[in-house]
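Let me begin by presenting the structure, written as structure tokens, before commenting on it.
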Amino acid sequence: MQERETWSSKLGFILACIGAAIGLGNIWMFPWRLGAYGGAAFLIPYLFFVLVLGTTGLMEEFSFGRSKKKGAIGAFEDVYKDKGLNFGDKLGIIPVLGVTGVFIFYSIVVGWILKYFTLTLTNSFESIESIPAYFGTFVGTPNTILWHLIGILLTVIIVSFGIKEGIEKVNKVMMPILFGILVILLFRSLTLPGAKAGIKFLLLPDWSKLSDPITWIMALGQSFFTVSLGGAAMLVYGSYLKEDVDIPSSAFNTVLFNTISSFLAAFVIIPATFAFGLDPQAGPPLLFITVPTIFKSMPGGYFFGALFFLSVVFAALSSAINLIEVPVEALIERFSLSRKKSVFIVGFLAFLIGLPLDLNMNIFGLFADTVTVYLIPIGAVLAAITFFWVYGVDNARNEINKGAEKPLGIWWEPFAKYIFTGVAIIVLVLGIIYGGIG
Ligand code: PFF
């Protein structure tokens, strides 16, 4: 057996986690939600939930992975075996399937983004008469297949190089550039004539929204999804950690930079949509119709458009790398496969399973909803129960405190065991009731 790889530095680990957390949730969900749920008022529940619950969930997954030096299947197996129970590995398959499911539909979106990036590079939006019509002839059609394949190949190549040489190295390049680009675009967007209305939309607090439970529910769902809590994705990155890394501080930094990126995305996109009199709606139309329309009409739009889509490529690719690592690690650990073989198998299967999603947006929607409404929240609940209840919250706190400059006090134990696990269950139930809140 080969020795398990580790991150080469604490910074490398944190950048990889920031890359994993920042993704489509930050760029095409947060900006719209901030405006739609009361602007600055939405920030109160969101910041509260992400700081308190997001950080707790990350500490849980990092230290669970580190303590067992295995991904979810092996880590769950160990915990239950110690109690004389033999079904841990089977339970661990659920979060691994959930994250693999996210990878399957995420890699398709990575393909769309790559296509859009090349369209901006070649200045092609200039000659596309109707961007909504163009989007309609692209997604849900065979035209996406090649781009989907390129998205998977890029991910597969990076991850085949391993933790230090692949995942860590590319994140060290992509993350600083991602933030640099967002700051440049922020200045561009905020200086557009008419941008003020967008700033008002984002920041003017509509306090009445705080008395509407849906604001709190959406903020709660967002706080789990945005830092990738599903019981496997952050856990696998934790499994490559050395004992001396400070987990509470790493979790806090991941939440902090993840939140900064959401704000930047919101202040880049929304003021620009207002400046051009467009409607800042949620989901795919925002990124693939509204945003290209903005760049088409903006002075210097060619340059800024290419920068924008490059930053989205980085945000999505750094998440796809994390997502694919979950099934890849599982195959390596369970079947003693080489990394190269394992990455190839996962990439190939994910591509095949994704093909029907390429061709039909209804299937795409159904698949994405099933994974994000059921599997991911169930994975988060299972991980919390397994680590805080079965492994034991006192052991969990010990694991988290190894290497911590400011160790967690005993007060944290009832909080993690009862409140965090309870809220994870609430997130699952509310997601099912509302058809998705993450
Ligand atoms: N955090 C990712 C995003 O914001 O796009 C999404 C995600 C990845 C959620 C992995 C859950 C997960 F397990």
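For every residue, the table says whether it meets (1) more than 18 Å from PHE49 (Cβ to Cβ); (2) aliphatic (A, V, I, L, M); (3) open to solvent by 50 Å² or more (accessible area, probe 1.4 Å).
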residue: VAL170; (1), (2), (3): yes, yes, no
residue: SER189; (1), (2), (3): yes, no, no
residue: LYS200; (1), (2), (3): yes, no, yes
residue: SER208; (1), (2), (3): yes, no, yes
residue: ILE214; (1), (2), (3): no, yes, no
residue: LEU220; (1), (2), (3): no, yes, no
residue: GLY230; (1), (2), (3): no, no, no
residue: MET234; (1), (2), (3): no, yes, no
residue: GLY238; (1), (2), (3): yes, no, no
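Is it the case that the stretch 26-34 has a residue that's within 14 Å of the ligand (Cβ to nearest atom), touching a Ser or Thr at 6+ places or on another chain (Cβ under 7 Å), among the hydrophobic types (A, V, I, L, M, F, W, C) and outside any helix (DSSP H, G or I)? No; the residues of the stretch 26-34 include none that is within 14 Å of the ligand (Cβ to nearest atom), touching a Ser or Thr at 6+ places or on another chain (Cβ under 7 Å), among the hydrophobic types (A, V, I, L, M, F, W, C) and outside any helix (DSSP H, G or I).
Counting only residues that are open to solvent by 30 Å² or more (accessible area, probe 1.4 Å) and within 16 Å of the ligand (Cβ to nearest atom), how many does the stretch 92-116 have?
Residues of the stretch 92-116 open to solvent by 30 Å² or more (accessible area, probe 1.4 Å): 93-94, 97, 115.
Restricting the remaining residues to those that are within 16 Å of the ligand (Cβ to nearest atom) gives 93-94, 97.
The number of residues fulfilling the criteria is 3.
For (1) modelled with pLDDT under 95; (2) open to solvent by less than 40 Å² (accessible area, probe 1.4 Å); (3) more than 21 Å from LEU229 (Cβ to Cβ), each residue gets a yes or a no:
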residue: PHE304; (1), (2), (3): no, yes, yes
residue: PHE309; (1), (2), (3): no, yes, yes
residue: VAL326; (1), (2), (3): no, yes, no
residue: LYS340; (1), (2), (3): no, no, yes
residue: ILE363; (1), (2), (3): no, no, yes
residue: ALA368; (1), (2), (3): no, yes, no
residue: TYR374; (1), (2), (3): no, no, no
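Each residue in the stretch 125-142 was checked for being in contact with an Asp or Glu (Cβ under 9 Å, 6 or more places away or on another chain) and open to solvent by less than 70 Å² (accessible area, probe 1.4 Å), and 3 pass. Does ASP244 count as of a type in the set (Asp, Glu) and more than 30 Å from ARG66 (Cα to Cα)? In short, no. Does LEU91 satisfy the criteria of being more than 22 Å from the chain's Cα centre (by Cα) and under 25 Å from LEU323 (Cα atoms)? Considered against the rule, which asks whether it is more than 22 Å from the chain's Cα centre (by Cα) and under 25 Å from LEU323 (Cα atoms), LEU91 comes out as yes.
Taking (1) under 16 Å from PHE252 (Cα atoms); (2) within 16 Å of the ligand (Cβ to nearest atom) in turn, VAL427 satisfies each apart from (1).
Cβ-Cβ distances below 8 Å connect the following pairs, each with a first residue in the stretch 316-328 that is in contact (Cβ under 8 Å) with a residue 12 or more places away in the chain and near the ligand (Cβ under 8 Å from one of its atoms), a second residue that is aromatic (Phe, Trp, Tyr) and open to solvent by 10 Å² or more (accessible area, probe 1.4 Å), and a separation of six or more residues or different chains: ALA316/TYR106; SER319/TYR106; LEU323/TYR106.
Going by the structure shown, is PHE225 out of contact with any Phe, Trp or Tyr (no Cβ under 8 Å at 6 or more places or on another chain), touching a residue at least 40 places away in the same chain (Cβ under 8 Å) and either hydrophobic (A, V, I, L, M, F, W, C) or within 16 Å of the ligand (Cβ to nearest atom) (or both)? Against the criterion (out of contact with any Phe, Trp or Tyr (no Cβ under 8 Å at 6 or more places or on another chain), touching a residue at least 40 places away in the same chain (Cβ under 8 Å) and either hydrophobic (A, V, I, L, M, F, W, C) or within 16 Å of the ligand (Cβ to nearest atom) (or both)), PHE225 qualifies.
Of the residues making up the stretch 385-398, those that are open to solvent by 20 Å² or more (accessible area, probe 1.4 Å) and part of a helix (DSSP H, G or I) are ILE385, TRP389, VAL390, ASP394, ASN395, ARG397, ASN398. Scan the stretch 50-86 residue by residue and report those that are in a loop (DSSP other than H, G, I, E, B) and touching a Leu at 6+ places or on another chain (Cβ under 8 Å). Selection gives GLY71 alone.
Scanning the stretch 16-38 for residues that are touching a Pro at 6+ places or on another chain (Cβ under 8 Å) and crowded, with 20+ Cβ neighbours inside 10 Å gives TRP28, PRO31, GLY35, GLY38.
Figure legend. Inter-residue proximity from the stretch 98-112: first residues in contact (Cβ under 8 Å) with a residue 60 or more places away in the chain, second residues outside any helix (DSSP H, G or I), beta-carbon distance below 6 Å, spacing 6+ or different chains. Indicated pairs: GLY98/GLY230; VAL99/GLY230; VAL99/ALA232. In the set (1) within 16 Å of the ligand (Cβ to nearest atom); (2) at pLDDT 95 or above; (3) in contact with a Lys or Arg (Cβ under 9 Å, 6 or more places away or on another chain); (4) not charged (D, E, K, R), LEU241 fails one condition alone, (1). Considering only the stretch 143-165, state which residues are buried (at least 17 other Cβ atoms within 10 Å of the Cβ) and without any contact (Cβ under 8 Å) to a residue 40 or more places away in the chain. TRP147 - this is the single residue of the stretch 143-165 that is buried (at least 17 other Cβ atoms within 10 Å of the Cβ) and without any contact (Cβ under 8 Å) to a residue 40 or more places away in the chain. Here the condition is being within 16 Å of the ligand (Cβ to nearest atom) and modelled with pLDDT of 95 or more; of LEU235, LEU149, LEU186, it holds for LEU235 alone.
All conditions but one from (1) over 19 Å from VAL343 (Cα atoms); (2) within 16 Å of the ligand (Cβ to nearest atom); (3) not hydroxyl-bearing (Ser, Thr, Tyr) apply to GLY88; the one that does not is (2).
Search the stretch 1-15 for residues being assigned to a helix (DSSP H, G or I) and of a type in the set (A, V, I, L, M, F, W, C), and hand back the single one that is least open to solvent (accessible area, probe 1.4 Å). In this case the residue turns out to be PHE13.
Is there a residue being more than 16 Å from the ligand (Cβ to nearest atom) and part of a helix (DSSP H, G or I) anywhere in the stretch 371-384? No, the conditions are met nowhere in the stretch 371-384. Of the residues making up the stretch 399-428, those that are crowded, with 16+ Cβ neighbours inside 10 Å and of a type in the set (Lys, Arg) are LYS402, LYS417.
The values are calculated or read from the model by the stated rules, or taken from the named source; none is laboratory data. In this text, all values refer to a predicted model and were calculated from it rather than measured experimentally. Ideal geometry is used to build each Cβ from the backbone, glycine not excepted, and the neighbour counts take in all protein chains shown. Heavy atoms of the whole protein, side chains included, go into the accessibility calculation; ligands, DNA and RNA do not. Shrake-Rupley method; radii C 1.70, N 1.55, O 1.52, S 1.80 Å.
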